[in-house]
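One structure is given below, encoded as structure tokens.
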Amino acid sequence: MKLERFGLGLAKGLALTSKHLFRKKITTEYPDQKLSTSRRIRGQQFVWKEELCTGCSTCAKSCPHGIIEIVTARNSDNRYSVEKFEIDIGRCMFCGLCIEVCPYNALFLGRSYEQSQYSRRLLWASKEMLKLPDSARSAYGHAEIEDQIPVQSLLIYGQLSSEMVEKNDN
Ligand code: SF4
Ligand code: SF4
């Protein structure tokens, strides 16, 4: 006679459920709690440092999609100022080439992964929208800033701790 008829299968199922009931928590309450991404994530945003940018357009020339628009003007002291610096993020594939080629460390990818919008028009980033704080920067192509970025949360290795979860202030 098969033991399953006496509820062995049910007991096995309950034992497995009980095992998971008491194990360490590996989930977070997104979006109230967010995990830290990789320090070198190619996020869906850019951080542009106007004070470092010379308007050389190396980034724009390296972009395979041609989605970086730069307009410069010559000042009275024979230096160039950047009048326009815009990126059509809706068409960006986040390859990171523009970041890698900038000779003046003026362009960074950001770490945000929540940039969805209802209209593509809203994904066109103007100069002002690209002037984000240093804390938004990713270390992609900029290993020198890696130490300034929170360590990545790795749930699969059970390394989640309160310090590794970024609180959502929104
Ligand atoms: S971001 Fe860098 S590569 Fe692009 S125009 Fe400015 S200095 Fe040149
Ligand atoms: S990440 Fe790639 S596709 Fe996006 S703007 Fe830079 S070079 Fe262009």
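Taking 4.7 Å between beta carbons as the limit, the unpaired Cys residues of the chain are Cys53, Cys56, Cys63, Cys92, Cys95, Cys102. Between 0 and 90 degrees, the angle of helix 8-21 with respect to the longest Cα principal axis of the chain falls at about 40 degrees. Take every Cα pair under 8 Å whose residues are at least 6 apart in sequence, average their separation, divide by the length of segment 1-121, and the relative contact order is 30 percent. Helices in the chain, meaning DSSP H runs of at least 4 residues, each add -39500 (n - 2.57). Divided by all residues, the mean residue ellipticity at 222 nm is -4000 deg cm²/dmol. Atom-type composition of the exposed protein surface of the chain places 53 percent of the accessible area on carbon and sulfur (1.4 angstrom probe). Multiplying the residue separation of Ala143 and Asn75 by 0.36 nm and removing their Cα-Cα distance gives an extension gain of 21.1 nm.
Each residue, Ala136 and Leu21, gets one label point 7 Å from its Cα in the Cβ direction; the gap between the two is 4.7 nm.
A simple rule links phi to the HN-Hα coupling: the Karplus curve 6.51 cos²θ - 1.76 cosθ + 1.60 with θ = phi - 60°, which for segment 79-84 gives 9, 9, 10, 8, 7, 9 Hz, with x for Gly and Pro.
Hey, what's the chain come to in accessible area per residue, 1.4 Å probe, Å²?
68
Take the Cβ atoms of Glu51 and Met129, set R0 to 22 Å, and the FRET efficiency comes out at 0.85. Extension gain, Gln117-Glu29: 0.36 nm per intervening residue step, less the Cα-Cα distance, totals 29.4 nm. Figure note: Tyr118, Tyr104 ranked by solvent-accessible area, largest first, 1.4 Å probe, ligands and nucleic acids not counted: Tyr118, Tyr104.
Using a/c under 1.5 as the rounded threshold, could you call segment 1-78 rounded, prolate or oblate? The axes a ≥ b ≥ c are square roots of the C-alpha gyration tensor eigenvalues, and prolate needs a/b larger than b/c, oblate otherwise. It is prolate, given that a/c is not under 1.5 and a/b is the larger ratio.
Coupling constants for segment 46-56 follow from the phi torsions by the Karplus curve (6.51 cos²θ - 1.76 cosθ + 1.60, θ = phi - 60°), and in residue order they are 10, 10, 10, 9, 4, 5, 9, 6, 9, x, 5 Hz; glycine and proline get x.
The values are calculated or read from the model by the stated rules, or taken from the named source; none is laboratory data. Computed from a predicted model, the values in this text were never measured in an experiment. Glycine gets a Cβ as well: all are built from the backbone with ideal geometry, and neighbour counts include every protein chain shown. Remember, those area values only see protein heavy atoms, side chains included, never the ligands or the DNA or RNA. Shrake-Rupley method; radii C 1.70, N 1.55, O 1.52, S 1.80 Å.
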